[in-house]
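A.B. asks: Sharing a structure below in structure tokens format, with a few things to ask.
The values are calculated or read from the model by the stated rules, or taken from the named source; none is laboratory data. Predicted model, so just to flag it, every value in this text is computed and none were measured. Cβ placement follows ideal geometry from the backbone for every residue including glycine, while neighbour counts extend to all protein chains displayed.
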Amino acid sequence: MGGVGEEHWAAAVRLLREAVEHDRRILLVCHVNPDGDALGSLLAVGQALTALGGRVQATFPGPLELPEPLAGLPGQHLLVAEEAVGVPDVIVTLDAASEERVGRFAALLDGVPSVVLDHHASYTGFGGIPIVDPGAAATAVLAAELIERLGVPFDRDIAYCLYVGIITDTGSFRYDLTTPAVHALAAKLLATGLRPGEISRRVFDTRPFGAVRLYGDVLSRAVLEPEHRLVWTTATLADLERHGQPAYVLEGLIDGIRCAAEADVACLLKQIADERWSVSMRSRGGTDVSRVAIALGGGGHRLAAGFTGTGAADEVIGRIRAELGR
Ligand code: 5GP
Ligand code: MN
């Protein structure tokens, strides 16, 4: 906590203002497999710098496809496939707590001035100027402050991106970091003419029917381990294939199991390859799941964290159990 130091804000604004002024190439990078906060922050900052006259490319590691719920985000004309990214003069990373999260772009951070915009407790200290506040509800909150400090007014498109970031990372204003300031910012964003019902229907509440059936399968296999106060389940590639679904439909599925009152920690193991799992963890408050995630090679926040696990599902859960027992 403690917020971002005034000297860091001043340095970041100076760096970006000068980059725009001298027509330097600015590269914005968010984390691999980007969620609404990563993409929303990326495209909001990209559009703001463009409005100032900046030369901007925006990207993230991996294929440049956006999952359907995020396909309505404005500013996508700024997106460039990672192979097509030119040599930058300045880099801004967004919503990435560690270098691994920005993939090959981490290598560019040596020797190029950079700003790190992030809100993870697990921030490793990588990169240049840290605009990092674990007390911020979303990276989009920091992106909004950066945009205001750059003197760019929120237009509807920038506001849409920031709003998606905020609702993604606050669970639609439900989590503890949802401060009065977050609501005040949301009010400002909505005042640009956003339609919150439409946005949340698109982002959270519209999935193919096959996804509904898939959720049924995954939830019906959930295991409760009262002695560990743990509830967990798996979503396999076979599940996705059987229901003809893309992997993005699994985002948010953790919410369906974490309400189990008998458990404190909920885990969803999403298979990404043979013996390889993207693990989502949530805590109801009694456990710091970022500690568990960091111990197992990942990161995140106290109540929401994740890592990539290898081996059989039972082995991955065994490792989580062991960490929970520490
Ligand atoms: P989710 O479960 O929604 O994918 O992620 C929850 C939180 O854990 C996010 O803040 C995300 O940044 C973090 N997280 C998820 N997976 C990983 C991972 O593989 N590595 C790291 N470092 N953090 C992760
Ligand atoms: Mn985030």
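A.B. asks: Give me the residue from segment 96-107 that is away from ligand 2 (no atom under 16 Å from the Cβ) and touching a residue at least 40 places away in the same chain (Cβ under 8 Å) and, out of that set, surrounded by the most Cβ atoms within 10 Å (Cβ to Cβ).
C.D. replies: This residue is 105.
A.B. asks: Would you mind finding the one in 294, 272 that is touching a strand residue (DSSP E or B) at 6+ places or on another chain (Cβ under 6 Å), outside the structural domain of residue 119 (by TED's automatic domain parsing) and either at pLDDT 95 or above or farther than 19 Å from residue 137 by Cα (or both)? Walk me through how you get there before you give the answer.
C.D. replies: Details: 294 fails: touching a strand residue (DSSP E or B) at 6+ places or on another chain (Cβ under 6 Å).
Answer to the selection: 272.
A.B. asks: Let me ask something else. As an exercise: evaluate residue 216 against (1) more than 22 Å from the chain's Cα centre (by Cα); (2) within 30 Å of residue 15 (Cα to Cα); (3) not in a loop (DSSP other than H, G, I, E, B) and give the number of the one condition it does not meet.
C.D. replies: Result: residue 216 passes all but (2).
A.B. asks: Any residue in segment 299-325 that's farther than 15 Å from residue 254 by Cα: show its pairings with residues that are more than 15 Å from ligand 1 (Cβ to nearest atom) at Cβ separation under 7 Å, as long as the two are six or more apart or on different chains.
C.D. replies: Note: pairs meeting the criteria are 310/275; 311/275; 312/275; 321/228; 321/230; 324/228; 324/230.
A.B. asks: Quick one: which of 110, 176, 155 is without any contact (Cβ under 8 Å) to a residue 24 or more places away in the chain, surrounded by fewer than 19 Cβ atoms within 10 Å (Cβ to Cβ) and over 14 Å from the mean Cα position of the chain (by Cα)?
C.D. replies: Result: 110 is the single residue among 110, 176, 155 that is without any contact (Cβ under 8 Å) to a residue 24 or more places away in the chain, surrounded by fewer than 19 Cβ atoms within 10 Å (Cβ to Cβ) and over 14 Å from the mean Cα position of the chain (by Cα).
A.B. asks: Further, regarding this structure: Which of the residues that make up segment 214-259 are within 14 Å of ligand 1 (Cβ to nearest atom) and more than 20 Å from residue 276 (Cα to Cα)?
C.D. replies: 255, 256, 257, 258
A.B. asks: Out of all the residues in segment 73-95, is one or more under 26 Å from residue 252 (Cβ atoms), touching an Asp or Glu at 6+ places or on another chain (Cβ under 6 Å) and within 16 Å of ligand 2 (Cβ to nearest atom)?
C.D. replies: For segment 73-95, residues under 26 Å from residue 252 (Cβ atoms), touching an Asp or Glu at 6+ places or on another chain (Cβ under 6 Å) and within 16 Å of ligand 2 (Cβ to nearest atom): present.
A.B. asks: Residues in segment 67-85: is at least one over 19 Å from residue 40 (Cα atoms) and of a type in the set (A, V, I, L, M, F, W, C)?
C.D. replies: Among the residues of segment 67-85, at least one is over 19 Å from residue 40 (Cα atoms) and of a type in the set (A, V, I, L, M, F, W, C), which makes the answer yes.
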